[in-house]
1. Among the numbered conditions (1) surrounded by 15 or more Cβ atoms within 10 Å (Cβ to Cβ); (2) over 24 Å from ALA274 (Cα atoms); (3) not β-branched (Val, Ile, Thr), tell me where ARG362 comes up short.
2. Restricted to region 195-217, and to residues that are without any contact (Cβ under 8 Å) to a residue 60 or more places away in the chain and either touching a helix residue (DSSP H, G or I) at 6+ places or on another chain (Cβ under 6 Å) or on the phi > 0 side of the Ramachandran plot (or both), which residue is most open to solvent (accessible area, probe 1.4 Å)?
3. Just give me the residues in region 438-482 being assigned to a loop (DSSP other than H, G, I, E, B) and either closer than 21 Å to THR344 by Cα or open to solvent by less than 70 Å² (accessible area, probe 1.4 Å) (or both), in sequence order.
4. Under 6 Å between Cβ atoms, which residue pairs at least 6 apart in sequence (or on different chains) link something in region 1-23 that is at pLDDT 65 or above with a partner that is surrounded by 13 or more Cβ atoms within 10 Å (Cβ to Cβ) and in a helix (DSSP H, G or I)?
5. What about ILE138, is it more than 23 Å from the chain's Cα centre (by Cα), farther than 19 Å from VAL60 by Cα and of a type in the set (Val, Ile, Thr)?
6. Looking at ALA186 and the list (1) among the hydrophobic types (A, V, I, L, M, F, W, C); (2) at pLDDT below 85; (3) under 21 Å from the mean Cα position of the chain (by Cα), which single condition is not satisfied?
7. If I go through region 182-194 residue by residue, how many of them are open to solvent by 60 Å² or more (accessible area, probe 1.4 Å) and either more than 16 Å from GLY232 (Cα to Cα) or small (Gly, Ala, Ser) (or both)?
8. Within region 156-181, take every residue that is touching a residue at least 60 places away in the same chain (Cβ under 8 Å) and assigned to a helix (DSSP H, G or I) and give me the one that is most open to solvent (accessible area, probe 1.4 Å).
Amino acid sequence: MLALERSPQYRELASDIVRFTRQSARRYKRNRISWGTRFVDAYSWGLGIGVSLTIAASFVLALRNEIAERTSPQNSIIRAQWVVLPESLLWTSITLAALLVISNLARKLGPISVNGAESTWWLTLPVDRRPMVLPPFIRRVALTAAGSTIIYLPFSMVTAVDRAPGEHVLAALTFGAAGSIAVTLAAFQQLALLSPRLGKTIATAGVLACSVLPAFSSSPWPTALATVAAVGLLAVVVPRAGQVRGDELVRGGAVAGHAGASLFMMDSNEVLRALGGNRKRIDGGRAARFYARPTRGPLRALIRADAVAFIRLNPPVTPPVLWLTACIAILLVKGGLPEFAQLTVIVIAGCATASGLGGVARKTALVPELDAMLPLHPALVRTSRTLMPCVAMSVWMAVLCSLLVLLGAANPALIGVGALAGVGMGAGTLRAATRTPPDWTAPPVETPFGPVPRAQLGSLMRGLDVTVLAMVPMLLALYLGYVPTSVVAVQAAFSAGIFLLVVLTRPKRS
């Protein structure tokens, strides 16, 4: 049967089925959209993209000139550099992180996958699957290569001001080929040609090797090497694309569809649920003894249950450590970066770490009716949900501020300010988890960038706003270089106010 399914006759039949499906879908879309609507949409999109690219180019050039003029770390937020990191090492690390993100996303979304309708119809047919899954896979690889090239070009212009224009283009093309290699290696893992552990090791080693190539942009050989490697890997995957298991095709399509729909609806909580839904590692041993202890009262029982859930879900430890490393590495780079760039990295690291610790809050927010059944005031329930993220963020911020104090950024009072800021940042995770879906009945606002969905963006920023607000006093102390008593009082007031705002505000129902 397998030999029959892969015969030229059945392959041609599969191609006809795919062609008929694509043509029917395009015909359906053409009949529902007029040419006038297409022209208006194209004009709006073109105008918005043009204005955005102009502003982005101006920002890139300004940042490039600012970094080029920095020859000493005298204007850095730290006073002492124990270790001086070469700029090339920092930019190569960022390139490696970007490739690892591409590889991880490709593995979760499934570079070779089918959507819900295709899995219901196509996978049940006794025909060769390769004509069905190969064109979308090639399209994803091409889009990844093109997008990686476009994104890396301004990054190269900012970080390597001494390169010629042709070298910037070669570096961008090399990174684009490296992005396609990362996606193809994810397809290798889908095919299960190697054991899972060996496949991950080879994929990580390949991405690590590719991250070094854009730095050698003075020669065309790295670009040619990356391109040949990408083509060679594709030559191995393409003939075997139809051999991916059906359950893996359905899983990748389900995750990609869930994440894509969540992005379209601007619901970041659903995006995180989609990307983290395949994490099967749940540890019950860590919290077994703590959970077995007797308790008194419903509030203590709820606090213990939330603590146990937080521990059992195994909040990832690697991302907070990597963000902590990034915050310190950006301060130790040779020549020094602008202060606003250093502070921006700290803000991004804090927001990303806080978002990763809100897994329990996002899961409990799916069924708010269960919280309503508890014999407790809703404010006490929200307080219990917030405690563990607040504790975790306070520890993370205290560690970060301790390292900053060792580097001479401020006096030791900064550690207490950072711990207080972590309370407000942890409370922001609950505010973000309980946000309502965007209200799409509100009309967009016309701006020079085109129509902007202001109401939807306001819903998307819910939670992130208080997280950034909680960091403002700490950032002010870093900018000043010392911690005045007034900053400590303001930080305590900000964190207490944010915590009370989160636990006392009843979430709106959608």
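The values are calculated or read from the model by the stated rules, or taken from the named source; none is laboratory data. Please read these numbers as outputs of a predicted model, since none were measured by experiment. Glycine gets a Cβ as well: all are built from the backbone with ideal geometry, and neighbour counts include every protein chain shown. Accessible surface is based on the protein model in full, side chains and every heavy atom, while ligands, DNA and RNA are left aside. Shrake-Rupley method; radii C 1.70, N 1.55, O 1.52, S 1.80 Å.
1. It fails just one condition, (2).
2. In this case the residue turns out to be PHE216.
3. Of the residues in region 438-482, the ones assigned to a loop (DSSP other than H, G, I, E, B) are 438-444, 448-449, 453, 461-463, 481-482.
PRO438, ALA442, PRO453, MET461, ARG462, GLY463, GLY481, TYR482, listed by residue number.
4. ALA14/PRO131; ALA14/MET132; SER15/PRO131; VAL18/PRO131; VAL18/MET132
5. Values: more than 23 Å from the chain's Cα centre (by Cα): yes; farther than 19 Å from VAL60 by Cα: yes; of a type in the set (Val, Ile, Thr): yes.
Considered against the rule, which asks whether it is more than 23 Å from the chain's Cα centre (by Cα), farther than 19 Å from VAL60 by Cα and of a type in the set (Val, Ile, Thr), ILE138 comes out as yes.
6. Going through the list (1) among the hydrophobic types (A, V, I, L, M, F, W, C); (2) at pLDDT below 85; (3) under 21 Å from the mean Cα position of the chain (by Cα), ALA186 breaks only (2).
7. Looking only at region 182-194, we keep the residues that are open to solvent by 60 Å² or more (accessible area, probe 1.4 Å), and these are 192-194.
Retained after the next criterion (residues that are either more than 16 Å from GLY232 (Cα to Cα) or small (Gly, Ala, Ser) (or both)): 192, 194.
Residues in region 182-194 being open to solvent by 60 Å² or more (accessible area, probe 1.4 Å) and either more than 16 Å from GLY232 (Cα to Cα) or small (Gly, Ala, Ser) (or both): 2 in total.
8. Just the residues of region 156-181 that are touching a residue at least 60 places away in the same chain (Cβ under 8 Å), to begin with: 156-161, 175, 178-179.
Adding the requirement that they be assigned to a helix (DSSP H, G or I) leaves 156-159, 175, 178-179.
Working: SER156: 1, MET157: 59, VAL158: 18, THR159: 22, PHE175: 13, ALA178: 4, GLY179: 0 Å².
Filtering region 156-181 for residues that are touching a residue at least 60 places away in the same chain (Cβ under 8 Å) and assigned to a helix (DSSP H, G or I), the one most open to solvent (accessible area, probe 1.4 Å) comes out as MET157.
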